[in-house]
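Peer 1: Okay, here's the structure, questions in a sec.
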Amino acid sequence: MKRLLLVLPLVLWITGTFSQSLDYRKEPAFKPGEELKYRLRYGFITAAEATLSVLATDTKFDNRSVYHLLAQGRTAASFNLFYKVRNRYDSYIDQTTLLPYLYTENIREANYRRQDRVRFNQQTNKITGRKGTFNGKDKTFDLVSAFYFARSLDLNGIKVGTVFSIPYFLDDEVSELKITYVGKEQVKTAIGTVNCLKFNPSIKPGRIFKKDSKLYLWITDDGNRIPVKAQVEILVGSVTLELTSAKGLRY
């Protein structure tokens with residue numbers, strides 16, 4: 001079950017992949033006080049839990065007001081004996097443009113430890129991390145800010161088969177992720193049966209994914225645009241991320 005919580009950041013990257021081609025709405029799809037909770041299942045077993053929160057803050061960057069975004073992931077009690085995970089990701093984004101100013105992460109996975117602090121300069125497209133300063137692209141995100149920016153995009157008129165991409169900064173490099181819009185489906189969730197938009201993102205084979213692994217993501221087809229389910233094949237079996245509760249929603 002090592003590094004199963006990589007699926008959570010992956011879902012966050014996925015939800016950001018509309019940004020280069022679509023405009024965002026005048027009003028964000030979220031507000032301070034929103035909290036989304038998820039469980040990560042390996043087969044029928046709950047392996048991990050995750051929480052996404054929007055926090056009010058008086059902090060400012062470049063004299064501009066920001067939202068404080070917080071993502072936390074932890075292994076369930078039954079898995080702590082095998083591989084204990086306590087991960088935290090923070091992002092501070094402009095309240096108007098929704099672009100990031102600062103991203104930090106605190107990774108605690110068994111005996112592995114990693115901390116990072118990344119500063120984004122959106123005017124110069126420069127990104128400063130642990131190993132120096134890097135050249136970004138237009139609207140480059142961290143994994144948390146990409147999620148919230150994408151939720152506020154206008155997806156009206158999107159066509160099946162449309163492919164999008166977004167630049168993101170992670171592990172001291174800028175990469176791009178591509179995603180294909182599959183269509184609309186209804187999904188049963190903890191908050192009821194909801195109409196969803198379904199996407200198929202590209203993934204790289206490696207530590208936990210097979211060469212032909214397929215990843216699918218479902219987000220609500222409403223004003224809130226929250227991801228309610230993600231499913232991906234791994235080297236042994238499959239992993240499913242499911243919404244368990246949602247409160248403080250704007251709509």
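The numbers here are math on the coordinates, done by the rules we state, and not lab data. Being a predicted model, the structure only gives us computed values, none of them experimental. All Cβ positions, even for glycine, are placed from backbone atoms using ideal geometry, and neighbour counts span all protein chains on display.
Peer 1: Cβ neighbours within 10 Å, averaged per peptide: list 225-232, 27-34 in order, most packed at the top.
Peer 2: Ranked from most to least packed, the peptides come out as 225-232, 27-34.
Peer 1: A further question on this structure: With every atom except the alpha carbons ignored, what do you get for Rg and Dmax of region 4-247, in angstroms?
Peer 2: When restricted to the Cα atoms of region 4-247, Rg and Dmax are 17.1, 49 Å.
Peer 1: Okay, moving on. Rank-order 165-178, 119-132 by packing density, defined as the average count of other C-beta atoms within 10 Å over each peptide's residues, highest first.
Peer 2: Highest-to-lowest ranking by the protection proxy: 165-178, 119-132.
Peer 1: Ranking request for peptides 38-51, 71-84: highest mean number of other beta-carbon atoms within 10 Å first, then the rest in descending order.
Peer 2: Order by mean packing, descending: 38-51, 71-84.
Peer 1: Of 26/159; 131/184; 84/139; 159/229; 178/247; 139/214, which ones are farther than 32 Å apart at the Cα?
Peer 2: 131/184; 84/139
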